[in-house]
Every structure is written in structure tokens, then in C-alpha cells.
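**Q** Can you read through this structure? Questions will come right after.
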Amino acid sequence: MRFGPGHWLRKGPRRTKRDDRIVELYSTGITASEVGKQMGMSTARVLDILRDRGIELRKPKGSYPHHLVKLAKKNEDRKRTAQIVRMRAAGADYTEIGRRFGVSRQRIQQIVARQASRRVSEDGGPRG
């Protein structure tokens with residue numbers, strides 16, 4: 001038996017029944033991942049089939065818009081940087097601060113230097 005180009009795109013009765021079952025399972029509320037496990041296929045393939053059928057996909061539980069995750073990370077970094085600068089201003093050495101935050105002494109030096117150059121540029125002085 002020879003297969004022509006695009007033979008995998010043709011829908012036979014078995015694929016149609018399989019796809020119907022996938023839609024049925026997904027519509028009961030179980031996740032695409034669980035449907036994939038039950039049907040012996042990848043989550044990506046299940047999602048492709050659901051999209052092909054025009055099924056509106058649910059968002060994964062616990063998913064957040066990407067920009068909010070980035071914003072939260074940026075806020076955490078700012079808080080950490082502020083703590084590092086405060087500790088250094090209070091007299092803590094680079095190694096001690098590095099141990100506290102689980103980073104190298106060199107990384108702490110970079111963070112402190114970057115913050116110092118930002119303060120100079122904010123004050124209208126030369127940028128470093």
C-alpha cells in the first residue's frame with residue numbers, strides 16, 4: 001500500500017471516533033494532559049485536535065499572564081537589590097552579603113556598583 005503526500009491528514013473512521021472521544025473527555029473538565037494520558041498521546045497532540053475541532057481551550061490552573069510573572073520577578077529583584085545596598089551601607093562585607101543571598105562576592109560587588117552608578121546618574125552626574 002502506498003501513501004501519497006498528506007496521507008496523515010486524511011481522517012478515517014478510527015481517527016474521527018478517537019477525536020470525538022478526546023473532545024468528550026475534555027468537555028467533562030479533565031485536563032488536556034490527562035486526556036493525553038488516557039488516549040496514549042501527547043498533550044500537544046490533544047490540544048491540536050481540540051483546536052482543529054474549534055473547541056475553546058481552558059487556561060491551565062495556576063497560570064498567570066506572562067507580563068505579571070515578569071513584573072513580580074522584577075519587584076523581587078528590586079527588593080533584593082535594596083536589601084543588598086542597605087546591608088553594604090551598614091558595613092557588611094561582600095562575602096557576608098553573598099552568603100546571605102546565595103550568590104558570589106563578585107555578584108554582590110556588581111550589584112552595589114550598578115546601584116552606585118545609577119544614583120550618580122540620577123543626581124545629574126556623569127554616567128558610569
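Every number in this text was worked out from the coordinates using simple rules, so none of it is lab data. Since this is a predicted model, take the numbers as computed values, not measurements. All Cβ positions, glycine included, derive from the backbone under ideal geometry; neighbour counts span all protein chains shown.
**Q** Can you sort R105, R51 by how many other beta carbons sit within 10 Å, fewest first?
**A** Least crowded to most crowded, the residues run R51, R105.
**Q** Just grab the label-to-label distance for D77 and I55, each label 7 Å out from Cα along the Cβ direction, in nm (one decimal).
**A** Each label point lies 7 Å from its Cα, and together they span 3.9 nm.
**Q** With a 10 Å radius around each residue's Cβ, average the other Cβ atoms per peptide and rank 43-50, 75-82, highest first.
**A** 43-50, 75-82
**Q** Here's a follow-up. Give me V69, V35, V85 ranked fewest to most by other Cβ atoms within 10 Å of their Cβ, as a rough exposure proxy.
**A** So the ranking, lowest neighbour count to highest, is V69, V85, V35.
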